[in-house]
Amino acid sequence: MTKAELVSRMAKDAGISQKSADMALNALTKAIQDSLKTDGQIRIPELGTFKVSKRNARSGVNPRTGDKIEIPECQVPGFTAAKALKESVKG
């Protein structure tokens, strides 16, 4: 599903305009990003938990040249699905 299809579905299900649905989706995305930056996690019941994890520094290999490189530590976003979401996908 593309963003446009999701916005259309949200507008239809909520009985609002597509512009309003697009604004709502953008607001949700921004709220999740801001929460991850400040709190490190956000939990949405029946959907799941978005959280930031620390990835340690490690050695790697450049696949093009075969040279060894050092990859610095960084923070990466992750998502864990809620039980309700997992069960709805199972069928």
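The values are calculated or read from the model by the stated rules, or taken from the named source; none is laboratory data. These figures come from a predicted structure and were not determined experimentally. Reconstructed Cβ throughout: ideal geometry from the backbone, glycine too, with neighbour counts over all protein chains shown. What goes into the accessible areas is simple: the full protein's heavy atoms, side chains included, and nothing from ligands, DNA or RNA. Shrake-Rupley method; radii C 1.70, N 1.55, O 1.52, S 1.80 Å.
Residues are listed down the side, and each one gets a yes or a no for (1) of a type in the set (D, E, K, R); (2) within 26 Å of Asp39 (Cα to Cα); (3) in contact with a Leu (Cβ under 7 Å, 6 or more places away or on another chain); (4) modelled with pLDDT of 95 or more:
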{"position": "Ala57", "(1), (2), (3), (4)": "no, yes, no, yes"}
{"position": "Val61", "(1), (2), (3), (4)": "no, no, no, yes"}
{"position": "Gly66", "(1), (2), (3), (4)": "no, no, no, no"}
{"position": "Phe79", "(1), (2), (3), (4)": "no, yes, no, yes"}
{"position": "Ala82", "(1), (2), (3), (4)": "no, yes, yes, yes"}
{"position": "Val89", "(1), (2), (3), (4)": "no, no, no, no"}
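Yes or no: Phe50 at pLDDT 95 or above, open to solvent by less than 90 Å² (accessible area, probe 1.4 Å) and aromatic (Phe, Trp, Tyr)?
When the stated conditions are applied, Phe50 passes them.
Are any residues in the stretch 14-45 at pLDDT 95 or above, more than 13 Å from the chain's Cα centre (by Cα) and open to solvent by 100 Å² or more (accessible area, probe 1.4 Å), and if so, which ones?
Within the stretch 14-45, Gln18, Lys19, Met23 meet the criteria.
Which of the residues belonging to the stretch 47-71 are out of contact with any Cys (no Cβ under 6 Å at 6 or more places or on another chain) and either of a type in the set (Phe, Trp, Tyr) or within 27 Å of Lys30 (Cβ to Cβ) (or both)? Reasoning before the result, please.
Within the stretch 47-71, the subset out of contact with any Cys (no Cβ under 6 Å at 6 or more places or on another chain) is 47-54, 56-71.
If the condition is that a residue be out of contact with any Cys (no Cβ under 6 Å at 6 or more places or on another chain) and either of a type in the set (Phe, Trp, Tyr) or within 27 Å of Lys30 (Cβ to Cβ) (or both), then Leu47, Gly48, Thr49, Phe50, Lys51, Val52, Ser53, Lys54 are the ones that fit.
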